[in-house]
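Single-structure report; data block below.
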Amino acid sequence: MDAAGIRHLGEGPDVMEGNVFDGRLDHIRLDPEVGAVVVGFDSHISFNKILKASSYLKNPDVLFIATNRDERFPMEHIVCPGTGTMVTAVAVASGREPTIMGKPSREVFEALRRQHGLDPARTVMVGDNCKTDITMGNVCGLRTLAVLTGVTTRADLERLVADSAADGALAPQVPELVAPQIGDLLPFL
């Protein structure tokens with residue numbers, strides 16, 4: 001946002017003063033110039049930030065934009081909540097749904113297509129998350145390749161395919177191709 005010259009606030013920690021249960025939130029002031037709430041990954045997400053974002057979104061003229069809805073980041077020994085966790089908290093509290101500007105949004109591919117001259121017929125979307133990466137590829141008419149090194153597991157893929165077969169149509173989350181890891185493609189390049 002800085003690079004685009006967009007004024008913003010809310011970065012970093014935002015510690016709650018007072019206590020919601022004693023009714024002492026009258027110190028919270030909202031900036032009347034805020035025209036959009038943009039939710040991306042925030043390791044400092046807090047009750048106070050959700051409160052403010054939701055309060056801004058009471059105004060129907062304030063845009064609600066999110067970068068993505070990834071549920072978690074792949075980690076071996078812990079569950080690392082993804083941006084979707086933060087987006088969902090604001091969506092539930094505000095009663096509004098965001099415009100997603102990242103995967104699986106068609107807009108992100110269209111911007112890349114215009115900027116780099118990508119031809120959908122010659123483009124493969126490779127990803128480790130079928131809900132975002134593979135869905136975006138399928139929605140945008142790309143070939144799709146799921147790699148099993150991140151969020152989506154082989155068991156997840158088997159469930160997706162079985163559920164699609166039961167519905168009679170391939171779900172947008174089902175990839176055309178699957179590889180255990182991206183390095184498996186090197187012999188073909």
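Going by the structure shown, is residue 111 in contact with a Pro (Cβ under 7 Å, 6 or more places away or on another chain) and outside any loop (DSSP other than H, G, I, E, B)? Against the criterion (in contact with a Pro (Cβ under 7 Å, 6 or more places away or on another chain) and outside any loop (DSSP other than H, G, I, E, B)), residue 111 does not qualify.
Being in a strand (DSSP E or B), open to solvent by 30 Å² or more (accessible area, probe 1.4 Å), more than 26 Å from residue 141 (Cα to Cα) and not polar (S, T, N, Q) is a description that applies to residue 38. Out of 35, 18, 10, 40, one residue alone is over 22 Å from residue 91 (Cβ atoms) and of a type outside the set (D, E, K, R). It is 18. Would you be able to say whether some residue in the stretch 16-25 is surrounded by fewer than 17 Cβ atoms within 10 Å (Cβ to Cβ) and in contact with a helix residue (DSSP H, G or I) (Cβ under 6 Å, 6 or more places away or on another chain)? Checking the stretch 16-25: at least one residue is surrounded by fewer than 17 Cβ atoms within 10 Å (Cβ to Cβ) and in contact with a helix residue (DSSP H, G or I) (Cβ under 6 Å, 6 or more places away or on another chain).
Okay, residues lined up against (1) free of Cβ contacts under 8 Å to residues at least 40 places away in the same chain; (2) open to solvent by 50 Å² or more (accessible area, probe 1.4 Å); (3) not aromatic (Phe, Trp, Tyr):
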{"site": "6", "(1), (2), (3)": "yes, yes, yes"}
{"site": "9", "(1), (2), (3)": "yes, yes, yes"}
{"site": "66", "(1), (2), (3)": "yes, no, yes"}
{"site": "71", "(1), (2), (3)": "no, yes, yes"}
{"site": "76", "(1), (2), (3)": "yes, yes, yes"}
{"site": "82", "(1), (2), (3)": "no, no, yes"}
{"site": "86", "(1), (2), (3)": "no, no, yes"}
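Count of the stretch 66-102 residues, restricted to those that are assigned to a helix (DSSP H, G or I) and either of a type in the set (Lys, Arg) or over 14 Å from the mean Cα position of the chain (by Cα) (or both), is 3.
Scanning for something closer than 22 Å to residue 102 by Cβ, surrounded by 11 or more Cβ atoms within 10 Å (Cβ to Cβ) and among the hydroxyl-bearing types (Ser, Thr, Tyr), does the stretch 146-162 turn up at least one residue? Yes; the residues of the stretch 146-162 include at least one that is closer than 22 Å to residue 102 by Cβ, surrounded by 11 or more Cβ atoms within 10 Å (Cβ to Cβ) and among the hydroxyl-bearing types (Ser, Thr, Tyr).
You will find that of 9, 57, 63, the residue that is over 30 Å from residue 153 (Cα atoms), over 20 Å from the mean Cα position of the chain (by Cα) and assigned by the TED database to the domain that holds residue 93 is 9 and no other. Answer with yes or no whether residue 27 is in a loop (DSSP other than H, G, I, E, B) and touching a Gly at 6+ places or on another chain (Cβ under 9 Å). Yes; evaluated as a whole, the condition is true for this residue. Just for the stretch 88-100: of the residues that are surrounded by 15 or more Cβ atoms within 10 Å (Cβ to Cβ) and among the polar types (S, T, N, Q), which one is farthest from residue 58 (Cα to Cα)? Once the filter is applied, the top-ranked residue is 88. Determine, yes or no, whether residue 25 is at pLDDT below 95 and in contact with a Phe, Trp or Tyr (Cβ under 7 Å, 6 or more places away or on another chain). Criteria not met by residue 25.
Give me a count of the residues in the stretch 124-155 that are under 13 Å from residue 173 (Cβ atoms) and assigned to a strand (DSSP E or B). Of the residues in the stretch 124-155, 4 are under 13 Å from residue 173 (Cβ atoms) and assigned to a strand (DSSP E or B). When residues in the stretch 168-189 are screened for being assigned to a loop (DSSP other than H, G, I, E, B), in contact with a strand residue (DSSP E or B) (Cβ under 6 Å, 6 or more places away or on another chain) and open to solvent by 60 Å² or more (accessible area, probe 1.4 Å), 2 of them pass. Of the residues making up the stretch 114-123, those that are surrounded by fewer than 13 Cβ atoms within 10 Å (Cβ to Cβ) and outside any helix (DSSP H, G or I) are 117, 119.
The values are calculated or read from the model by the stated rules, or taken from the named source; none is laboratory data. Everything numeric in this text was worked out from a predicted model, so none of it was measured. Counting neighbours? That spans all protein chains shown, and the Cβs are built from the backbone with ideal geometry, glycine included. With ligands, DNA and RNA removed, areas are computed over all heavy atoms of the protein, side chains included. Shrake-Rupley method; radii C 1.70, N 1.55, O 1.52, S 1.80 Å.
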